[in-house]
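What follows is calculated from the coordinates using simple rules that are stated; it is not laboratory data. All figures in this text were calculated on a predicted structure; none of them were measured in a lab. Note that we place each Cβ from the backbone using ideal geometry, even for glycine, and neighbour counts take in every protein chain shown.
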Amino acid sequence: NAGVTQTPKFQVLKTGQSMTLQCAQDMNHNSMYWYRQDPGMGLRLIYYSASEGTTDKGEVPNGYNVSRLNKREFSLRLESAAPSQTSVYFCASSDDGFGSYNEQFFGPGTRLTVL
Amino acid sequence: AQSVTQPDIHITVSEGASLELRCNYSYGATPYLFWYVQSPGQGLQLLLKYFSGDTLVQGIKGFEAEFKRSQSSFNLRKPSVHWSDAAEYFCAVEGNKLVFGAGTILRVKS
C-alpha cells in the first residue's frame, strides 16, 4: 500500500497563477483533509471531506477550493495564488471524520512557493 | 473551541537522557488527545493517542504520555532518547476538529 500520495512535491508559482494539488489514498478511508503548515503555527485545517460527496471549510479556507473526486481522491485548488499561500501542504485521510478518535494518515507534503 | 499549547519551541537533550515534551489543552468536554511526530521533509506519524481508561498511554518507538485532567496536560515522555528521535513533535486535541499545537523541535546531542 502506498498510503497517502501527493503531487507535486514542490511547486513555484507567480502571484495570480492557479494550480491544483492532488491527493490520493489507497486505504479505503471515508474522510480526507487538507492542512497547511507554517513555521511556529503547527498544522491548520483548510478543508475536509467527511465522506465522498461532502466537503466542509476548516480554519483557513479563504483562497482555496476543493473537490472530492471519488472516495480515493481529494484535490485542493488555488485559483489565484498569493504570496501568503507560500506553505507546505499536507493531505491526510482517516476511516471516519472528526469525533471518531481515528488516526489520520498523512502524505509527504507539497512545498509551495508563491513569488 | 479547542486549543493546544506546546510551551517549548525547541528542546535539546543528550543522547541517552530522558525527555519530556509538554502539552496543555483547552476543551470543554472529554478530549481525544494525540501526539504526532514529523521527521524532516516527511508527513506526520501517530505516536500515541488517548481517550479514556488508563491515563498512562504507551506508544510506538518507546514513547509514553500521561493524561492529567486536573492540569489539562498530556505530556510526552521517553526514558532514553536516541539520535533518531530528532524531529518535530505535535500535540493535538480532537473535538469537532483536530487542532494541532505549534510543535516542539527536538534536537539530540551526541
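Ranked highest first by the average count of other Cβ atoms within 10 Å around their residues, in what order do A:92-99, B:82-89 fall?
Top to bottom by mean Cβ count within 10 Å: A:92-99, B:82-89.
Over all distinct Cα pairs, what is the inverse of the mean 1/r for the stretch B:1-61, reported as the Kirkwood hydrodynamic radius in Å? Walk me through the numbers on the way to the answer.
Working: mean 1/r = 0.0724 Å⁻¹.
Averaging 1/r across every pair of different Cα atoms and inverting gives 13.8 Å.
Among rounded, prolate and oblate, which fits the stretch B:63-105 when a ≥ b ≥ c are the square roots of the eigenvalues of its C-alpha gyration tensor, a/c under 1.5 means rounded, and a/b larger than b/c means prolate?
On the way: a/c = 2.97, a/b = 1.45, b/c = 2.05.
Oblate is the answer for the stretch B:63-105, as a/c is 1.5 or above yet b/c matches or exceeds a/b.
Give me Rg/Rg_expected for the protein assembly as shown, where Rg uses Cα atoms only and Rg_expected = 2.2 N^0.38 Å with N residues.
On the way: Rg = 17.5 Å, N = 225, 2.2 N^0.38 = 17.2 Å.
Compared with the compact-globule rule of thumb, the protein assembly as shown sits at 1.02.
Inside 10 Å of the C-beta atoms of A:99-109, what's the mean count of C-beta atoms belonging to other chains?
Values: counts 6, 2, 8, 5, 5, 8, 4, 7, 3, 3, 5.
Rounded to a whole number, the mean comes out at 5.
Under 17 Å between alpha carbons, and skipping anything fewer than 8 positions from A:Lys9 in its own chain: which aspartates and glutamates qualify?
Within the straight-line cut-off, A:Lys9 pairs with A:Asp38, A:Glu73.
Any idea what the dipole of the protein assembly as shown comes to, in debye rounded to 20, about its Cα centre with Lys/Arg Cβ at +1 and Asp/Glu Cβ at -1? Mind showing how you got there, number by number?
Numbers: 20 positive and 19 negative charges, 85 e Å.
Here the protein assembly as shown has a charge dipole of around 400 debye.
How many Cβ atoms of partner chains, on average, are near each residue of A:41-49 if near means within 10 Å of its Cβ? It would help to have the intermediate numbers written out before the result.
Details: counts 4, 11, 11, 2, 4, 0, 0, 2, 0.
Neighbouring Cβ atoms belonging to other protein chains average 4 per residue here.
Based on the mean of other beta carbon atoms within 10 Å per residue, what is the order of B:33-39, A:32-38, A:15-21, most packed first? Please list the in-between numbers first.
Values: B:33-39: 21.7, A:32-38: 24.3, A:15-21: 13.7.
The densest-packed peptide leads the list: A:32-38, B:33-39, A:15-21.
Rounded to the nearest Å, what's the spacing between the alpha carbon centres of the stretch A:82-115 and the stretch A:1-25? Just the number, please.
Rounded to whole Å, the Cα centres lie 11 Å apart.
For the stretch A:40-115, take every pair of Cα atoms, bin their distances at 5 Å starting from 0, and report each bin as a whole percent.
Going out from 0 Å in 5 Å bins, the stretch A:40-115 shows 3, 13, 25, 28, 18, 9, 3, 0 percent.
How well do other chains shield peptide B:42-48, expressed as the mean number of their Cβ atoms within 10 Å of each residue Cβ? Could you put the intermediate results ahead of the total?
On the way: counts 4, 15, 10, 3, 5, 0, 0.
For peptide B:42-48, the averaged partner shielding equals 5.
What whole-number value in cubic angstrom gives the convex hull volume per residue for the C-alpha atoms of chain B? Walk me through the intermediate numbers first.
Numbers: hull volume 10.2 nm³, N = 110.
Convex hull of Cα atoms, per residue: 93 Å³.
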